[in-house]
Structures are given as C-alpha cells and as structure tokens.
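What follows is one structure encoded as structure tokens, with my remarks underneath.
A short reminder: the numbers here are calculations on the coordinates, not readings from a lab. What you are looking at is a predicted structure, and each value in this text was computed from that prediction instead of being measured. We place every Cβ from the backbone using ideal geometry, glycine too, and count neighbours over all the protein chains shown.
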Amino acid sequence: MKKSAIVVDSTTPIPSWLDESVPVFSVPVRVYIDGQEYKDCLEIQDKIIQAINEDRNIETSLPSPNDVEELLEKLSNEYDKVYVLSVSSHLSGTYNLFSTIASKYENIVVFDSKTISIQNTYILERMVENIKAGKVLEENDIISYRDDSLFLITVFSLSRLEKSGRIGKLISIIGKILHVKPILSIARTGEVELVGKALGKTKISEIIFEKIEEFLKGEVNDVILYAAVGTDAYKEFIFEIGKFLDIKPMFFPIGSAVLAHVGFDGFGFVVGKRKLNRQ
C-alpha cells in the first residue's frame with residue numbers, strides 16, 4: 001500500500017486517537033506579542049493569556065517559510081503522497097504559502113479547507129479514515145467532509161476579533177451598539193458570517209438548537225460533538241448541546257494563534273453528521 005501523510009497548520013487541533021498508519025504533521029503559525037516572535041504551541045498559552053489580560057498588542061503571521069520548505073521536502077522524499085490541509089485562505093495567507101512551496105513537488109496536494117480550528121479537526125479525521133481505506137483524496141472530498149459538519153461560534157466580547165480584522169464592521173457595530181452576542185459560522189466561501197444574534201443565554205441556546213436541527217434534518221443518530229471554550233464557564237453551553245443530541249462532547253484546547261484573535265469570551269463547537277470509525 002502506498003504511504004501517505006497529512007500536514008496541517010497549528011490552528012487545527014490534532015486528536016490523540018488518530019490512526020498512526022497515516023501520520024499527521026503540524027507546522028506552527030507565528031504569534032507576535034508586542035513584536036516578539038513565538039511559534040504557536042500550547043507552551044506559549046500562558047504568555048498569550050497574560051498578554052490578552054494586559055490588552056497588549058498580539059498579532060499572528062504565517063508559518064515560517066523555512067519550516068514549511070524543510071518539512072515538505074522531507075515528507076515528499078519519505079511518502080508517496082502528501083496532503084496539506086490549510087486554514088481558510090480568506091482568514092490567512094497560509095494556503096498561498098503552502099501552495100507556492102508545494103508546487104515544487106509532484107506528490108504534494110494542498111487543500112483550502114475554507115474553515116478553521118475544530119471543523120478542520122473533523123475534516124482531518126475524515127481524511128485519515130479515507131486514506132487508510134485506500135482512497136486518493138480530491139478537493140471535492142474536502143468539501144464533502146466540510147458539508148457534513150456544522151461549525152458555530154458564540155462570542156461574548158468582540159474586542160479581539162475587531163482588533164484582528166477577522167470580523168466585518170457590521171458585526172462589530174451590531175455587537176457594540178445593541179449589546180447582543182453574535183453567533184458566527186464560517187461560510188462555504190471560507191469567510192466569517194453572522195448567522196444569529198441574541199441578548200441572553202436562553203436565546204443563544206434557542207438559536208443554537210434551531211441551527212443544529214436545521215442542519216441535521218432529523219438525522220440525530222451517529223453524530224459527534226467537538227468543542228473549544230475560552231474558559232470553563234462556557235462548558236455549560238456545550239453540555240446543554242450534548243444533552244440535546246444525547247452525546248458526550250469532546251473538548252479541544254483553543255490554540256494560541258486562535259486565542260489571540262478570539263480571546264476567552266466565547267465558545268465554538270462542531271456537530272458532525274457522520275461518526276468516525278475509531279478503534
């Protein structure tokens with residue numbers, strides 16, 4: 001059987017239970033705190049948290065081109081096929097960086113996931129499962145995996161998203177003037193979109209349940225629930241969703257680069273239509 005590997009950037013959490021027969025490699029994006037460069041990893045989480053609390057200037061940048069070049073060259077020589085899953089090209093220039101470097105190698109394919117974070121985790125799992133089954137992946141497969149999942153994000157403070165430029169002026173104005181909590185998603189184009197707004201917790205839950213029902217269309221069996229929270233206080237929303245779906249949620253840490261943009265005040269979750277075959 002041909003050997004395949006997958007590369008992601010560090011905005012995609014990698015589950016510990018992935019089948020090791022299809023290795024996954026992560027390239028860190030870069031995080032800058034007041035101009036000081038760090039590589040995105042859980043070890044710098046405390047620095048990010050402190051910087052957010054102190055309202056310091058935090059920026060993110062693409063992975064180091066040297067890091068990408070070194071890894072892709074190595075994997076190209078060691079594997080028959082290398083798949084690269086990139087964060088949405090509308091949210092980062094990482095896709096263009098991956099594509100430029102990968103163009104030198106005939107056995108490397110780069111996919112624009114048109115999403116980020118834990119929705120990419122779901123896509124990644126589907127990729128591993130299908131590669132293990134002998135499938136050669138194409139762009140349409142990534143689109144299909146993405147369409148099999150719903151990704152919603154609720155943000156209780158828009159300050160960090162506004163600073164990073166990851167939300168439009170309209171969403172920012174709605175949040176500030178009306179004091180509502182926006183419920184966001186990532187559109188199929190790969191851009192952040194507003195899908196609902198609420199004043200209180202009850203309304204937030206109502207909108208979320210409506211969106212889940214609309215997405216699943218009665219297909220409530222055999223689904224998964226992934227989540228990431230800014231603080232443990234937001235886990236109550238996730239447990240409500242788990243109860244609603246009668247499944248246990250799986251939590252992932254928010255990576256340092258994502259945390260730099262969204263802050264602590266919110267949560268995100270993914271509902272996947274198809275349960276993955278885990279050992």
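Listing for the model above:
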| item | result |
| --- | --- |
| Per residue Cα convex hull volume in Å³ - calculated over the stretch 178-232 | 130 |
| Simple spin-label estimate for D55 and T189 in nanometres, 7 Å along Cα-Cβ | 3.3 |
| Protection-proxy order for peptides 96-103, 198-205, 75-82, 253-260, each taking the mean of Cβ atoms within 10 Å per residue, highest first | 253-260, 96-103, 75-82, 198-205 |
| Calculated FRET value between M250 and S21, using beta carbons and R₀ = 30 Å, to 0.05 | 0.90 |
| Other-chain or far-sequence residues with amide H under 5 Å of L62's (modelled H) | R30 |
| Between the stretch 38-111 and the stretch 186-220, the Cα center-to-center distance that results, in Å | 29 |
| Dipole in debye (nearest 20) - the stretch 1-123, about Cα centre, beta carbon charges: Lys, Arg +1; Asp, Glu -1 | 380 |
| Cα-based shape type of the stretch 207-279, given that a ≥ b ≥ c are square roots of the gyration tensor eigenvalues and the cut on a/c is 1.5 | prolate |
| Burial order of peptide ranges 32-43, 127-138 (average beta-carbon count within 10 Å, highest first) | 127-138, 32-43 |
| Amide H partners (placed H, <5 Å) of K181, local residues excluded | A198, L199 |
| Evaluated at q = 0.13, 0.15, 0.18 Å⁻¹: base-10 log I(q)/I(0), Debye formula over Cα of the stretch 4-146 | -0.57, -0.74, -1.03 |
| Cα centre as origin, Lys/Arg/Asp/Glu Cβ charges: the chain dipole, Debye | 560 |
| Burial order of peptide ranges 112-120, 263-271, 85-93, 228-236 (average beta-carbon count within 10 Å, highest first) | 112-120, 263-271, 85-93, 228-236 |
| Calculated over the chain: convex hull of Cα atoms, volume per residue (Å³) | 127 |
| Taking R146, R188 and counting other C-beta atoms within 10 Å, the order from fewest to most | R188, R146 |
| Point-to-point label distance, E214-C41, nm (Cα→Cβ direction, 7 Å offset) | 4.2 |
| Built amide H within the under 5 Å cut-off of V7, gap 5+ | F25, Y83, V84, L85 |
| Cα-Cα over 22 Å, subset of K3/K273; K181/K235; K135/K217; K114/K235 | K3/K273; K135/K217; K114/K235 |
| Gain on full stretching of the segment that runs from Y105 to S157 - 0.36 nm per residue minus C-alpha separation | 14.4 nm |
| Positive minus negative residues near D148 (Lys, Arg vs Asp, Glu; Cβ under 10 Å) | +3 |
